[in-house]
1. So which of Lys165/Lys199; Lys246/Lys480; Lys94/Lys577; Lys308/Lys462; Lys319/Lys596; Lys104/Lys165 end up more than 31 Å apart by C-alpha?
2. What are the residues whose amide H is under 5 Å from the amide H of Thr433, where those residues sit 5 or more places off or on another chain and H is modelled from the backbone?
3. Mind pulling up the Rg/Rh value for region 301-348? Radius of gyration and Kirkwood radius, both on Cα.
4. What lysines could a cross-link reach from Lys459, if we take a straight Cα to Cα line under 20 Å and drop same-chain neighbours fewer than 8 places away?
5. Which distance in Å, rounded to a whole number, links the C-alpha centroids of region 623-680 and region 488-528?
6. Got a sec? How would Lys239, Lys633 order by Cβ neighbour count within 10 Å, fewest to most?
7. If I model region 640-763 as equal point scatterers sitting on the Cα atoms and use the Debye formula, what is log10 I(q)/I(0) at q = 0.12, 0.15 Å⁻¹?
8. How many angstrom lie between the C-alpha centres of region 292-321 and region 215-260?
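Quick note: the coordinates plus some simple rules give every number you see, no bench work behind them. Bear in mind that the values here come from a model prediction, so they are computed numbers and not experimental data. Here the Cβ positions follow ideal geometry from the backbone for every residue, glycine too, while neighbour counts run over all protein chains shown.
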Amino acid sequence: MNSIANVSRREFVKAVFSSGALVLSASLVPDLLRAQTYSPGAKSKDAVLHPNVFVAIESDGTISIVAARSEMGTGISTALPSVLADELDADWNKVKIHQGDGDKRYGDQDTDGSHSVRSFFDVMRGCGASARYMLIQAAAAQWKVPAAACETELSTVIHRASGRKLTYGQLANAASELRIPDHAQLQFKPKGAWRYIGKDTPRYNIDALCTGQPVFGIDQRVDGMLYASIERPPVFGGKIKSYDDKEALQVRGVHQTVAIPPFDPPCAMQALGGIAVIADNSWAALQGRQNLKVVWDNGPNASYDSEKYHDELKATSHKPCKVIRNAGDVEAEFANGGKIVEADYYVPLLAHAPMEPPVALADFRDGKVTVWAPTQDPQTVQSAIASELDIPVANVTCHVTVLGGGFGRKSMADFSVEAAYLSKAVGRPIKVTWSREDDIKFDYYNSTSAMYMKAALGKDSKPTAWLQRSTFPPIPSIFKLNALYGDPAHLAQGWTDIPFDIPNLRVENGPAKAHVRIGWLRSVANIYHAFAVLCFADELAHLAGRDPLDYLLDLIGPPRILNLNGADYPNYGASYKTYPIDTGRLRRVLQLAAEKSGWAKRKPGSGTGWGIAVHRSFVTYVASVVQVEVNEKGELRIPRVDMAVDAGLIVDPMLVRTQFEGAAVFGTSVVRSGEITATNGVIDQSNFYDYPVARINEAPFQTNVHIVESSAPPGGVGEPGVPPFIAALCNAVYAATGKRVRELPLSKMNLARQAGDSDPSRS
């Protein structure tokens with residue numbers, strides 16, 4: 001059985017070198033795939049070891065691989081090591097996976113943005129190929145035969161001509177004395193020889209997960225630790241006026257209280273501030289916190305009201321805004337007359353609500369901090385703690401635990417900063433545990449957005465002009481004071497890159513001031529942008545009396561590489577030459593989803609509807625067809641979902657399928673009930689009773705994921721399924737009820753209908 005161990009780099013190196021081992025390393029930069037140069041025959045640890053370790057082979061044949069990305073249920077700790085193991089020609093049963101600590105020598109460790117495989121596929125292949133090369137060289141030297149006469153098979157080097165074999169374990173010592181090969185010397189396995197890449201690989205720790213063995217952040221313990229629960233300012237940016245902790249200190253088990261200073265704007269990854277109650281256990285800390293008496297200065301955000309803000313955003317979106325992409329002359333075409341269609345769309349703030357709320361354990365000693373956290377970005381944890389405590393980054397060690405969900409929330413370091421600050425103040429290891437109420441009320445929310453859409457329709461009902469404006473408080477607001485406009489990276493998420501073949505097109509972005517912390521949530525700006533664009537396209541199709549599939553294909557136009565008209569387009573950090581927007585791939589997934597779902601054969605009925613949508617995000621193309629049933633009471637059921645996915649080269653199809661099945665459930669929660677509101681600056685929601693997530697009877701009953709065989713380089717899979725699903729679900733609701741969804745969530749709408757009230761033409 002495969003297993004994972006959470007160890008430091010030093011512990012990893014010590015373990016694998018106890019009996020002699022071959023160790024290789026990698027950097028995110030391909031030219032630096034080799035370890036530091038050392039002389040053949042050198043026995044010194046300093047000469048053999050490289051601090052950026054990814055793979056080691058022990059003399060007993062154990063192959064240790066570091067998973068430097070965070071595991072939160074995506075299977076990335078299986079996927080990337082399997083790439084290395086494949087190129088190494090390793091026996092998977094001999095692989096042991098180690099979770100890497102925060103260390104810049106692993107390259108980018110931010111497990112966010114659906115780019116882990118895209119960024120590290122070639123790196124991990126290079127590591128595996130380098131190790132295989134050295135093992136073959138060692139065997140050839142021992143047998144005194146040409147290396148070209150040797151081959152590998154499941155952790156064994158073979159010389160076919162003589163029938164001789166040596167295991168990797170037997171060769172590890174000799175291979176460790178060889179120079180690391182240059183990249184040009186490597187010979188990569190052809191696709192037809194892959195053992196693991198492209199195949200379903202059971203997760204390394206599936207048995208352990210099913211028996212409750214993995215240590216999540218909430219499970220972490222160290223000797224002498226205390227617990228903290230923090231009363232934070234109820235309004236973002238608020239400060240303590242005064243507080244009385246007498247009753248809190250009378251709670252059995254409570255040791256003391258500690259005031260945490262407010263953040264220095266902008267907030268970035270800093271702690272929000274407040275009063276921490278320190279106790280022997282989390283229950284005592286929470287009870288003591290409830291007995292605090294705090295008077296707050298709520299600051300300027302106390303005037304924030306989500307309903308008024310909704311109207312402000314909408315009003316802004318109806319005015320000329322900052323142009324971010326322009327083709328043709330939209331205003332001239334609108335002035336020509338003809339049919340003009342306008343619509344407003346709105347998505348509220350959304351919370352992450354992972355099953356495991358934020359938690360961190362920190363131990364400050366002698367100017368150094370060790371922290372254990374379920375973080376998606378351990379290097380940011382290191383830098384944020386170093387900044388808060390004014391110590392070198394090198395003095396912060398971050399151990400990454402298994403994450404009980406993340407969705408982008410755990411890319412933030414604020415909860416780890418709280419633990420480190422308190423450990424230094426108290427002089428003991430401190431675990432900070434957020435309650436569900438803390439999690440929802442003090443989140444980095446996915447931004448709210450108001451979007452105005454306008455189109456002029458030609459004689460064939462296809463748009464001759466298209467204008468779209470999006471207004472949302474931007475993520476840069478947490479890093480830069482008075483940031484009002486979206487940055488290119490987030491405008492590029494479904495807005496700048498609208499793929500339609502329209503001669504006159506203008507894309508705009510309006511200013512919006514943030515009154516809460518804005519952060520990354522699964523799919524980020526694609527959630528609201530794809531919702532508006534793809535639901536508006538569906539509106540136009542129905543106005544034209546056309547099949548939405550045929551209309552979408554016409555809008556996309558012929559297969560081509562999209563011309564972005566000079567717009568600033570970061571393309572999810574990928575090269576546009578390598579990952580262009582290919583409308584041919586967009587068309588193919590749309591047609592495949594329609595075919596697999598039986599779109600052409602759908603039978604409209606009372607309260608039954610189908611919706612369709614297609615979207616490119618995180619350099620992956622996804623189409624969704626969603627079937628819904630709505631009864632006379634307005635109760636919604638989702639019998640079937642079909643998703644077609646072109647994510648380029650697929651490392652593990654099973655993991656891809658599970659990610660897209662999860663995206664459908666996640667998207668269902670967003671559409672059904674996802675809404676964060678505020679009154680007088682205070683978040684109204686606090687737990688699952690007023691911020692519900694989809695229950696089992698509300699989630700899609702059947703989700704079919706159809707993966708396109710592709711020779712394109714790897715794309716993302718964690719996030720791209722959410723945006724087209726949301727739009728397709730909303731379009732299906734219209735097809736079933738005749739009620740157009742322009743604002744989320746559905747819980748704000750009355751979907752109840754009279755029996756026989758549906759319009760078959762909508763389906």
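1. Details: Lys165/Lys199 27 Å; Lys246/Lys480 39 Å; Lys94/Lys577 39 Å; Lys308/Lys462 35 Å; Lys319/Lys596 42 Å; Lys104/Lys165 38 Å.
Where the Cα-Cα span goes over 31 Å, the pairs concerned are Lys246/Lys480; Lys94/Lys577; Lys308/Lys462; Lys319/Lys596; Lys104/Lys165.
2. Ala228
3. On the way: Rg = 15.2 Å, Rh = 13.8 Å.
Dividing the radius of gyration by the Kirkwood radius yields 1.10.
4. Lys339
5. Going from one Cα centre to the other spans 21 Å.
6. Taking fewest neighbouring Cβ atoms as first place, the list is Lys633, Lys239.
7. The Debye formula, applied to the Cα set alone, gives -0.57, -0.81.
8. 29
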